[in-house]
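Novice: Below is the structure I would like to discuss, written out as structure tokens.
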Amino acid sequence: MTRHQAGLGSAGSGPVRTPDAQQRDQRLLCRRVGQSDLGAVREVRHALRELLGASPQAEAADVAELLTSELVTNALVHTGHGAVVTVTVGEAGLRVEVRDFMPTLPTPYVPSSDDGTHGRGLLLVQALADAWGVHEHDRGKVVWFELGDGVARY
């Protein structure tokens with residue numbers, strides 16, 4: 001199993017909590033963004049920063065914002081539909097899920113030097129996230145990533 005397929009909080013990584021205790025220890029953000037509403041990317045970033053609050057782990061928050069922006073932008077630009085962004089912050093870290101309504105699964109794009117900054121979103125997620133993946137949903141897909149260490153202390 002690669003690090004991108006491994007989930008956070010595997011067996012033996014800490015105390016076992018009941019689902020109720022886990023939910024009390026988590027903070028949640030859920031936003032729906034409309035089709036082609038690229039201004040919503042900034043709003044989601046600000047809501048994420050507010051959820052994370054002030055912290056000495058600013059670098060981890062910056063990475064979380066960058067990767068969230070990339071996934072939301074990808075969902076809006078490449079699907080032609082809106083998306084639902086869900087962020088969960090708990091003891092194990094942060095998990096961001098961006099659900100869109102198109103069944104086509106993304107593949108990391110290998111950009112050429114002529115592409116400018118186009119096509120690097122999933123490469124950034126792959127490089128900076130502790131884990132990431134895609135799973136199909138009944139009406140589309142969910143692209144997600146997790147960050148552990150720096151964000152877990154928020």
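Novice: Against the condition modelled with pLDDT of 80 or more and either out of contact with any Lys or Arg (no Cβ under 6 Å at 6 or more places or on another chain) or among the aliphatic types (A, V, I, L, M) (or both), how does GLY14 come out, does it pass?
Specialist: Here the answer is no, as GLY14 does not meet what is asked.
Novice: Hey, another quick one. Tally the residues that are crowded, with 17+ Cβ neighbours inside 10 Å and within 13 Å of GLU146 (Cα to Cα), restricting the search to the stretch 66-90.
Specialist: Total meeting the criteria: 7.
The values are calculated or read from the model by the stated rules, or taken from the named source; none is laboratory data. These numbers come from a predicted model, not from an experiment. Every residue, glycine among them, receives a Cβ derived from its backbone with ideal geometry; neighbour counts consider all protein chains shown.
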